[in-house]
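Working notes, structure below.
The values are calculated or read from the model by the stated rules, or taken from the named source; none is laboratory data. Predicted model, so just to flag it, every value in this text is computed and none were measured. FYI the Cβ positions are ideal-geometry reconstructions off the backbone, even for glycines, and counts take in every protein chain you see.
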Amino acid sequence: MPEAESDQSDIPAAEPVRAGGAILAGGQSRRMGSDKAGLELLGETFLQRIWRVLSGHFQPLIVVCRPDQQTSLQRMLARPGAAALPTVIFDRHSERGPLEGLATALEYLAEAGCERAAVSTCDAPLVQPQLLRWLASQLGTEREAIIPSDGKHLYGLTAAYRTAVWVKLRQLLERGERRIIDLPEHLATEIVTWDACRDVDPQLLSFLNANTPAEYRALCQQATAES
């Protein structure tokens, strides 16, 4: 797990680019035992924190979840003094997993007029907007996806996509495809290394997530030490 520790005052600004954003929150959280979006960190739920951090950088910014989560997510997102709740949209087929959530997000953002989108998940509360902005800025005309990799794993849910690929994702889902890690086989993808990501997110905080109670405790300890 990457370590969080230094000041980010020297981080270069990501190239300005218009992009929509999506927070994927429809997972079942089976290993955690409760909805990860509602876990608390430094006085906020994960979802509140991620929304607050990203909302000034992506327009529109949406939350994608299962229909049965609507009431609980609105509670998790509620903030004192907030003028309105964020836009929440629902998976069509929740049983299809994160690829369904990604397709739903990209379709919505494409219809909203966005050509590019940055995505993150609700279990990564230390996500850095400058990393997502940088990923979106790397989407040249010949690339449909920009996906980070640590050399062993692909991070396709902390990534950037051309919104038009929602059509291809729907086709994959209809064929029974479900695996995010297989997307480079179907999309024109550039894999970016963690070394490249460190230029904008030196401690790789965007990739720190919590899937189990032990990981949640470790993440809280790390965030508290940095606060």
Number of positions in the range 186-223 that are aliphatic (A, V, I, L, M), surrounded by fewer than 19 Cβ atoms within 10 Å (Cβ to Cβ) and closer than 16 Å to ILE50 by Cα: 1
Check on ARG170, more than 25 Å from GLN48 (Cα to Cα), surrounded by 16 or more Cβ atoms within 10 Å (Cβ to Cβ) and in contact (Cβ under 8 Å) with a residue 60 or more places away in the chain: yes
Residue match in the range 164-178 (condition: over 13 Å from GLU100 (Cα atoms) and among the polar types (S, T, N, Q)): no
Meets criteria (aromatic (Phe, Trp, Tyr), surrounded by fewer than 23 Cβ atoms within 10 Å (Cβ to Cβ), under 30 Å from LEU39 (Cβ atoms) and out of contact with any Ser or Thr (no Cβ under 8 Å at 6 or more places or on another chain)) for TYR161: no
Considering residues of the range 84-109 that are without any contact (Cβ under 8 Å) to a residue 24 or more places away in the chain and of a type in the set (A, V, I, L, M, F, W, C) only, the residue surrounded by the most Cβ atoms within 10 Å (Cβ to Cβ): LEU85
Every residue from the range 105-142 that is among the hydroxyl-bearing types (Ser, Thr, Tyr) and at pLDDT 95 or above: TYR108, SER120, SER137
Any helices (runs of 4 or more DSSP H) falling wholly within the range 122-227 and containing at least 2 residues that are more than 27 Å from ARG18 (Cβ to Cβ): 166-174, 213-226
